[in-house]
Amino acid sequence: MESSEEEEDFPSIERIIPQSKGIRNLCCELLNLKDAVENLCGNIHTKYLAFLRIFEEAVEMEHELIELRKHISAQGILVQDLMTGVCRELEEWKQSIGDNHESQHDPEIPELQDPSPSEKNDGKIIFLENVDVLLAEHKVEEALEALDAEEKNSSELKDSGDTSTSEVSEFKSAFLKRKTMLEDQLVQIIEQPSSGVLEMKKALSGLIKLGKGPLAHQLLLESYGLRLQKNIEVLLPLCRVCPKTFSATLSKLVFSIISLTTKESASIFGDNPIYTNKIVQWAEREIEYFVRLVKENAPSSETVSALRAASICIQSSLNYCLMLESQGMKLSKLLLVVLRTYIEEVLELNFRRARRLLFNLVEPDESLLFSRLFADSLSAFATSSESCIIVDSGTRFMYIVEDILEQLTPLAIMHFGGSVLSRMSQLFDKYIDALIKALPGPSDDDNLIELKETIPFRAETDSEQLAILAIAFTIFDELLPNAVMITWKRQNENSEPKNGPPENTVPSASTTIELKDWKRHLQHLFDKLRDHFCRQYVLSFIYASEGKTRLNARIYLNTGEDLYWGSDPLPSLPFQALFAKLQELATVAGEVLPEKEKLQKILLARLTETVIIWLSDEQEFWGVFEDDSTPLQSLGLQQLILDMHFTVEIARYAGYPSRHLHQSASAIIARAIRTFSATGIDPGSALPEDEWFVETAKLAINKLLSVSCGSDTSEVNEDHIILPDEIVTDSDDTASSLSTLESFESFASASMELDSPIFTDPES
């Protein structure tokens with residue numbers, strides 16, 4: 001019962017006891033930790049006081065050592081004085097004895113008063129001790145003055161090595177030893193990073209006074225080189241933040257140090273050629289290091305950012321070289337030499353990337369937004385939804401080129417403009433090759449068959465083919481030259497500094513010639529595309545019917561249905577078909593090439609020339625005439641000559657007379673006459689005068705035009721062959737026909753639409 005009552009009085013005792021035990025243990029541990037911390041703090045405080053006491057004792061000991069050193073030095077001086085006094089007395093005693101002895105033998109000799117060697121040694125020892133004290137206290141200026149004064153006043157030190165006594169040799173040795181110690185202290189001051197500019201200058205002047213000019217100059221270069229290195233180490237982490245302007249900041253840093261070093265060298269060492277050459281050599285090494293840093297920290301060489309960074313590097317560094325030229329430092333040539341490899345690499349990789357971007361071999365950058373200017377200039381040639389691909393390719397080409405040109409600075413253009421133009425021509429050449437692959441017919445260049453850089457488009461109609469030619473022509477004749485000239489003009493405006501151009505940054509006199517040669521090269525590249533089009537177009541005309549040639553030589557052999565020769569002769573059927581074909585193409589050209597009369601003339605002239613050139617080179621055609629078994633008649637020769645005159649008059653009427661066409665037609669006529677003459681035909685009696693052929697060809701053109709005007713069944717109904725009178729081929733105004741020069745009305749003056757019911761076109 002008692003236990004139960006106790007349980008009732010203390011109902012929760014069993015639950016409290018285990019917890020209270022844990023709390024007691026925790027409290028005990030905390031108390032123990034507190035005691036340990038207090039003991040530790042007490043030990044630290046005790047040890048800190050002991051450290052302070054030891055430090056104070058060390059300071060006092062240092063002062064005592066200094067005093068002891070001074071005391072020892074004073075005692076040494078006293079001992080030295082004592083020894084000197086004793087030695088002096090001994091010498092006097094010996095001298096007095098010697099004088100008495102000599103006077104006894106020769107009383108007439110006067111007494112000699114030589115200075116005591118001990119007195120001389122005393123002064124030397126005191127001097128050396130004073131220098132030692134100055135060196136110990138690092139009073140380099142006072143020590144330098146003392147050594148310099150002693151060297152000037154002491155005849156023993158002036159001797160070049162003639163030491164007659166051991167004392168003199170020992171003194172010179174001790175003196176030179178002190179000079180070496182002073183030199184070491186001066187070198188330490190110069191090499192100390194914490195030394196100020198004024199302190200370093202004084203140390204350098206001290207070395208020069210000690211006769212250590214070359215060493216002082218070398219230390220000057222090393223000091224500024226070390227300062228440049230530290231500044232570069234601080235700058236390098238920022239190259240990732242501003243990659244385009246990093247090279248400009250670095251060039252400013254490098255060339256500023258070079259300029260400062262040059263000024264300091266001139267102020268301390270003067271215009272000594274030896275030191276000037278060393279400055280130049282040092283500056284060249286720093287420039288090479290600068291270019292290496294630019295390469296290592298520049299963006300990837302194939303990016304536009306790398307091209308911009310390289311251009312800024314050229315601009316800024318050459319401008320700083322200009323400033324250095326006023327100090328006699330000509331570093332522009334060296335800079336261009338060491339930069340050329342890097343710049344050429346950046347240009348090459350940028351244009352390789354441009355090629356891949358042009359033909360969609362890489363994804364374009366997000367920043368690649370086509371210029372509306374280029375798009376507006378080329379969009380007029382989009383004759384169909386499919387041909388928009390060609391327009392987009394031309395717009396892309398121009399934007400890529402413009403993007404590259406915008407990265408160039410004036411001095412980069414001045415020194416690397418030729419390389420840029422060359423690579424731009426190569427890019428345009430690749431673009432022309434791709435356009436040739438887009439035209440129908442086999443390529444003249446077998447290498448183009450395996451060309452990977454192509455445009456996913458195939459021109460089938462005349463309008464699509466003309467659109468390709470128009471886009472290429474607009475790029476080479478307008479957009480590309482204009483973009484280049486704007487960039488080059490900016491270079492001419494900004495390249496001339498206020499104080500006059502430096503020796504190596506004067507605009508080259510060959511810049512204009514360089515641009516003309518580049519434009520001429522672009523012309524040749526476009527001619528490659530034009531000639532391919534004309535060749536395939538003419539071949540499709542000549543071999544239009546199941547591979548059989550339309551210009552068959554047998555039409556000139558008979559007087560049957562193939563020849564219309566009466567009171568009003570006409571050209572043969574193939575050349576009437578050529579006339580209609582040119583009219584048809586002129587109609588399409590007028591629609592596809594608005595305001596491109598120059599290009600229309602170029603194409604029509606070249607097409608006409610291509611027909612004559614093909615006829616001149618076709619051996620199968622001439623083989624028929626040269627076959628001895630073939631009967632030739634004068635009527636066939638007249639028809640052939642009339643066809644040639646008719647072709648020349650077509651070109652003259654349309655406003656694109658060509659000297660080359662005139663010469664080729666004349667060559668065909670001359671060859672035909674020789675061939676027919678070989679069979680016994682007399683051209684003089686069988687052929688009419690040249691004026692007759694000219695007049696007949698002109699009348700034939702007028703007749704074809706007048707007949708086509710009254711026809712309602714023509715497939716061709718257009719007068720767009722009517723072009724301005726401007727001559728754009730290689731001719732001049734003097735070669736309008738094969739024999740005479742007369743002014744006849746053109747297709748424009750005829751004011752008639754063409755329709756030709758006179759012949760049946762095999763294509764129809």
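The values are calculated or read from the model by the stated rules, or taken from the named source; none is laboratory data. Predicted, not measured: the structure shown is a model, and the values here were computed from it. Neighbour counts run over all protein chains shown; Cβ positions are idealised from the backbone, glycine included. When the accessible area is computed, the model is the full protein with side chains, heavy atoms only, and any ligands, DNA or RNA have been set aside. Shrake-Rupley method; radii C 1.70, N 1.55, O 1.52, S 1.80 Å.
Quick check on the stretch 553-691: take the gyration tensor over C-alpha atoms, sort the square-rooted eigenvalues as a ≥ b ≥ c, and tell me if it's rounded (a/c under 1.5), prolate or oblate.
Prolate, since a/c reaches 1.5 and a/b exceeds b/c.
Ranked highest first by the average count of other Cβ atoms within 10 Å around their residues, in what order do 640-651, 695-706 fall?
Most protected by this proxy first, the peptides run 640-651, 695-706.
Assuming 0.36 nm per residue, please report the length gained on full extension of the stretch GLU170 to VAL197 beyond their Cα-Cα distance.
Additional length available on full extension: 5.9 nm.
Using protein chains only and a probe of 1.4 angstrom, how many square angstrom of LYS47 are accessible, to the nearest 10?
So the heavy atoms of LYS47 present about 140 Å² to solvent.
Packing-wise, with mean Cβ within 10 Å as the measure, how do 189-198, 593-602, 127-136 rank, highest first?
Descending packing order for the listed peptides: 593-602, 127-136, 189-198.
Do any of LYS152/LYS179; LYS201/LYS330; LYS139/LYS177 go past 19 Å between their Cα atoms, and which?
Pairs exceeding the cut-off: LYS201/LYS330.
Hey, if we sort VAL304, VAL254 by accessible area with the 1.4 Å probe, largest down, what's the order?
Of VAL304, VAL254, the descending order of accessible area is VAL304, VAL254.
Efficiency by 1/(1 + (r/R0)^6): what FRET value for GLU38 and ALA58, r their Cβ-Cβ distance, R0 = 22 Å, to the nearest 0.05?
For R0 = 22 Å, the calculated efficiency reads 0.15.
Can you give the extra length, in nm with one decimal, that the chain gains between LEU253 and GLN619 once fully stretched, where that is 0.36 nm per residue apart less the Cα-Cα distance?
124.4 nm
Taking the full set of protein chains and a 1.4 angstrom probe, give the accessible area of VAL86 in square angstrom, rounded to the nearest 10.
70 Å²
What shape does the stretch 37-77 have by the C-alpha gyration tensor, where a ≥ b ≥ c are the square roots of the eigenvalues, rounded means a/c under 1.5, and otherwise prolate means a/b greater than b/c and oblate the rest?
Here the stretch 37-77 falls in the prolate category.
Can you order the peptides 398-405, 574-581, 679-686 by their average number of other Cβ atoms within 10 Å per residue, highest first?
574-581, 398-405, 679-686
Solvent-accessible area of ASP271, probe 1.4 Å, all protein chains present, reported in Å² to the nearest ten, please.
Accessible area of ASP271: about 140 Å².
Just how many % of Cα pairs in the stretch 388-436 lie over 14 Å apart, if you round to the nearest whole percent?
Roughly 57 percent, once rounded to a whole number.
Quick one: ranking HIS524, HIS662 by accessible area, 1.4 Å probe, largest first, what do you get?
Result, largest first: HIS524, HIS662.
Can you tell me the FRET efficiency between GLN281 and SER73 if r is taken as the Cβ-Cβ distance and R0 is 56 Å, rounded to the nearest 0.05?
The calculated FRET efficiency here is 0.70.
List the equivalent ellipsoid semi-axes of the stretch 207-312 in whole Å, largest first, each obtained as the square root of 5λ for an eigenvalue λ of the Cα gyration tensor.
Values for the stretch 207-312, descending: 33, 12, 10 Å.
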